[in-house]
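Visitor: Next up is a structure, given as structure tokens.
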Amino acid sequence: MKVQVKNLANEAVGEIELDDAVFGVDVRQDLIFRAVNWQLAKRRSGNHKTKGISEIAGTTKKPYAQKGTGRARQGSLRSPQFRGGARIFGPVVRSHEHDLTKKVRKLALKTALSAKAAAGELVVIDVAETATHKTKDLAVSLKALGFTSLLVIDGAVLNENFVRAARNIPLVDVLPSQGANVYDIIRRNTLVLTKSAVTDLEARLK
């Protein structure tokens, strides 16, 4: 498919052909769900923890006599039925990470790119570069382009001025082409690719 190429001044500077093998595959929500679930599971620290009965600080003395009180028999004040006692089958420190095959991850990324293209939320610009690192100048340019929530994917090397200028703008993310991922693509309304990013992604995913 052919897509118009713009610059940051919102001027058309040419066209680019997007490979249908990367930007035109069928959109599968199940793959996007699996990829996002895999990414977020990897990010979880897994440091949730509750204390078992052996970890509770307290006496080991029997609370009261086994018989003769008319109450239920109890062996420890550290049992879960007492205030400050243990929690049975509570969470423990563990990893939430699980495997996802490379083939599925690759197809999920293609699906996310294709979904943006199909929805008309994919924009290609010539370069993601600014002459200054001032946030105000870049914010004006993005507003002129009509962007409010976007992910900018550039080539392997990012322009330092552009990264610093975009850092303080809400709902704007900047990634190199090797960092392109499903979660960041779908969490922003607009996907902005540079021509270098298109070349790198097609080489990576074909």
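Visitor: Filter region 11-45 for residues that are within 30 Å of Glu129 (Cα to Cα), of a type in the set (A, V, I, L, M, F, W, C) and touching an Asp or Glu at 6+ places or on another chain (Cβ under 7 Å); which is modelled with the lowest pLDDT?
Guide: Val13
Visitor: I would also like to ask the following. How many of the residues making up region 60-98 are aliphatic (A, V, I, L, M) and in contact with a His (Cβ under 9 Å, 6 or more places away or on another chain)?
Guide: Residues that pass the stated criteria total 2.
Visitor: Quick test of your reading of the structure: Leu151 fulfils all but one of (1) out of contact with any Phe, Trp or Tyr (no Cβ under 6 Å at 6 or more places or on another chain); (2) surrounded by fewer than 18 Cβ atoms within 10 Å (Cβ to Cβ). Name the failing condition by number.
Guide: (2)
Visitor: Going by what's in this entry, would Thr111 be described as surrounded by 15 or more Cβ atoms within 10 Å (Cβ to Cβ) and of a type in the set (Ser, Thr, Tyr)?
Guide: yes
Visitor: Test Asn47 against the criterion of being assigned to a loop (DSSP other than H, G, I, E, B) and under 30 Å from Lys143 (Cβ atoms), and give yes or no.
Guide: no
Visitor: Could I ask something else about it? Just checking, how many residues over region 80-123 are of a type in the set (Val, Ile, Thr), at pLDDT 95 or above and within 29 Å of Val3 (Cα to Cα)?
Guide: Residues meeting the conditions: 2.
Visitor: Still on this model: What number goes with the only condition from (1) assigned to a helix (DSSP H, G or I); (2) at pLDDT below 95 that Leu8 does not pass?
Guide: (1) is the only condition that Leu8 fails.
Visitor: Further question: Given region 113-206, what helices (runs of 4 or more DSSP H) lie entirely inside it while holding 2 or more residues that are acidic (Asp, Glu) and either in contact (Cβ under 8 Å) with a residue 40 or more places away in the chain or over 27 Å from Leu100 (Cβ atoms) (or both)?
Guide: Correct list: 195-205.
The values are calculated or read from the model by the stated rules, or taken from the named source; none is laboratory data. No experiment lies behind these values; they were computed from the predicted model shown. Here the Cβ is made from the backbone with ideal geometry for all residues, glycine too, and neighbour counts use every protein chain on show.
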